[in-house]
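Please read the structure below before turning to the comments.
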Amino acid sequence: PDPMSTPMILDCDPGHDDAIALLLALASPEVEVLGVTTVGGNADLENTTRNALTVLEVAERTDIPVAAGCGHPLVRPLVVADHVHGKSGMDGPQLDPPTTEPVDAHAVDFIAETLAASSEPVTLVPTGPLTNIALLLRHFPDVVDNIRRVVLMGGAVGLGNRTPAAEFNIWADPEAAAVVFESGLDVTMVGLDVTHQALMGREHGKRLRPTGRCGAFVADLLDFFVQFHERVYGLDSSPIHDAVAVADVIWPDLLEAERFHVAVETDSELNRGRTVVDRWRVTGKDPNARVGLAIDGNEFGEKIVERISRLP
Ligand code: BDR
Ligand code: CA
């Protein structure tokens, strides 16, 4: 690995956009993926873990360890997003089951050990429900010194997607999200306000398909993923939510972002998982997160195409 690259762990629930986020990281010398951890979210843990192994195998990076984490949110039942990602969590590409297995450690222990072993602070990139990260902070409070920052995909200043009020990852495990936002860590929130400006569609897929196995895989992912966004949002392309979080680690100036106080609604049923962002600083509370507000979507799409084309 490049000695200048930023060490990171991707905690994910693949997921079409999680898969593209992982491939973007693998294609980028600015970051070094120390491990991939999985959580129940878009699909159950068995599926998300299998999908993570599959992506690494497609990219010929089975050297990167995968650790399976929590199958269920801290206190709520698991509700998957099969209406978005299909039964497998990653419907579309036709692939053989992975030949590799996850490591013999729970994701929370794996992350703690990886942080402890790292000579420099590690960036955590959670792109699913925040269950693993919340448990990590509760179980291993001392490891925070070795977390450089947390760049999470979740939440929204404005409208939600799982409900009118809330974004899926935060809605899925709001108690865990509250722990992360209240942790005092350097948190960046990449929410729907930005990710709905970071779209990719079939045209990107067409350009990627001839570039190799990974390019064709992403084209298949996009073909499936776009169908949902056509139906629900009338878009001819899809927000590649999770890849925006990875992009922020690679290109720290790509996002327009500002620091605000963010609170997570855990009590109300109607507003469950809403990220209440104090945009106009009316609460007097100190900011606890850097919140993404805008991104150049065209530049984002071009960067992804360029990077994924480098992969096998
Ligand atoms: C988030 O929810 C999941 O469906 C996606 O993978 C992304 O992490 C978007 O709300
Ligand atoms: Ca995800």
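The values are calculated or read from the model by the stated rules, or taken from the named source; none is laboratory data. Here the structure is a predicted model, which is why all the values come from computation and not from measurement. Neighbour counts run over all protein chains shown; Cβ positions are idealised from the backbone, glycine included. Surface areas here come from the heavy atoms of the whole protein model, side chains and all, with no ligands, DNA or RNA. Shrake-Rupley method; radii C 1.70, N 1.55, O 1.52, S 1.80 Å.
Summary table
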| quantity | calculated |
| --- | --- |
| Radius ratio Rg over Rh of segment 166-227, counting only Cα atoms, Kirkwood formula for Rh | 1.16 |
| Under 14 Å, Cβ to Cβ, from ASP286 - net charge with Lys/Arg +1 and Asp/Glu -1 | 0 |
| Long-range HN-HN contacts of VAL291 with modeled amide H, under 5 Å | MET189, GLU258, ARG259, PHE260 |
| Zone residues, segment 158-192, relative to THR283, backbone N less than 11 Å from point 7 Å out along Cα-to-Cβ | 181-182 |
| Segment 92-156, relative contact order in percent, only Cα pairs under 8 angstrom and at least six apart counted | 38 |
| LEU235-VAL276 pseudo-label distance in nm [points 7 Å out on the Cα-to-Cβ vector] | 2.8 |
| Extension gain, GLU120 back to ALA263 (0.36 nm per residue minus Cα-Cα distance, nm) | 48.5 nm |
| Calculated FRET value between VAL103 and ARG138, using beta carbons and R₀ = 25 Å, to 0.05 | 0.70 |
| Given charges at beta-carbon only (K, R positive; D, E negative), |dipole| of the chain in Debye | 540 |
| Ranked packing of 132-139, 159-166, most packed first, by mean Cβ within 10 Å | 132-139, 159-166 |
| Segment 47-199 shape via C-alpha gyration tensor axes, a/c threshold 1.5 | oblate |
| Cα gyration tensor shape of the chain, rounded if a/c is under 1.5, else prolate or oblate by comparing a/b with b/c | rounded |
| Integer Hz, Karplus 6.51/-1.76/1.60 couplings in order for segment 306-312, x for Gly and Pro | 4, 5, 4, 4, 6, 7, x |
| Farthest positive-ward along the chain dipole, Cα basis, beta-carbon charges - from ASN169, ASN146, ALA134 | ASN169 |
| Portion, in percent, of the accessible area of segment 212-278 that falls on carbon or sulfur, probe 1.4 Å | 47 |
| Highest to lowest packing among 64-72, 291-299, scored as the average C-beta count within 10 Å | 64-72, 291-299 |
| Separation of alpha-carbon centers, segment 1-72 and segment 274-312, rounded to whole Å | 20 |
